[in-house]
1. Starting from residues that are in contact with a Phe, Trp or Tyr (Cβ under 8 Å, 6 or more places away or on another chain) and surrounded by 10 or more Cβ atoms within 10 Å (Cβ to Cβ), keep the ones in region 49-68 and report whichever is farthest from residue 82 (Cα to Cα).
2. If a residue must be loosely packed, with under 10 Cβ neighbours inside 10 Å and more than 20 Å from the chain's Cα centre (by Cα), how many such residues does region 35-47 contain?
3. Using beta carbons and a limit of 8 Å, which pairs, at least six apart or on different chains, have the first residue in region 59-79 and touching a residue at least 12 places away in the same chain (Cβ under 8 Å) and the second one of a type outside the set (S, T, N, Q) and part of a helix (DSSP H, G or I)?
4. In region 1-34, what residues are of a type in the set (Ser, Thr, Tyr) and either assigned by TED's automatic domain parsing to the domain that holds residue 77 or surrounded by 10 or more Cβ atoms within 10 Å (Cβ to Cβ) (or both)?
Amino acid sequence: MAEFDKTLRDIVQNIPQKFVSILTGKKGVKILDNTFPSTKERVADMVLQLEDSSIFYLELQTQNDKNMLFRMLEYYLLLEQR
């Protein structure tokens with residue numbers, strides 16, 4: 001499956017503006033970098049599996065953090081992937 005995905009991605013990248021126009025009806029104006037390298041270690045404050053197999057996740061804060069929503073989303077996505 002991964003080889004098929006790569007082939008399809010290569011085909012679409014050869015005609016990105018037209019492909020996006022077909023899908024959205026709008027013109028693509030700039031191709032953006034599509035790589036997301038990361039070496040960031042993520043450590044949640046508390047993650048527990050409950051008796052009903054649901055997950056309890058707790059992040060403790062001592063002060064307001066304007067990026068807290070994004071951090072919670074990142075942990076949620078990492079937990080869902082696992």
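1. Result: 59.
2. Counting residues in region 35-47 that are loosely packed, with under 10 Cβ neighbours inside 10 Å and more than 20 Å from the chain's Cα centre (by Cα) gives 1.
3. Cβ pairs passing all conditions: 59/68; 59/71; 59/72; 59/75.
4. 7, 21
The values are calculated or read from the model by the stated rules, or taken from the named source; none is laboratory data. Please read these numbers as outputs of a predicted model, since none were measured by experiment. Every residue, glycine as well, gets a Cβ built from its backbone with ideal geometry; the counts of neighbours run over all protein chains shown.
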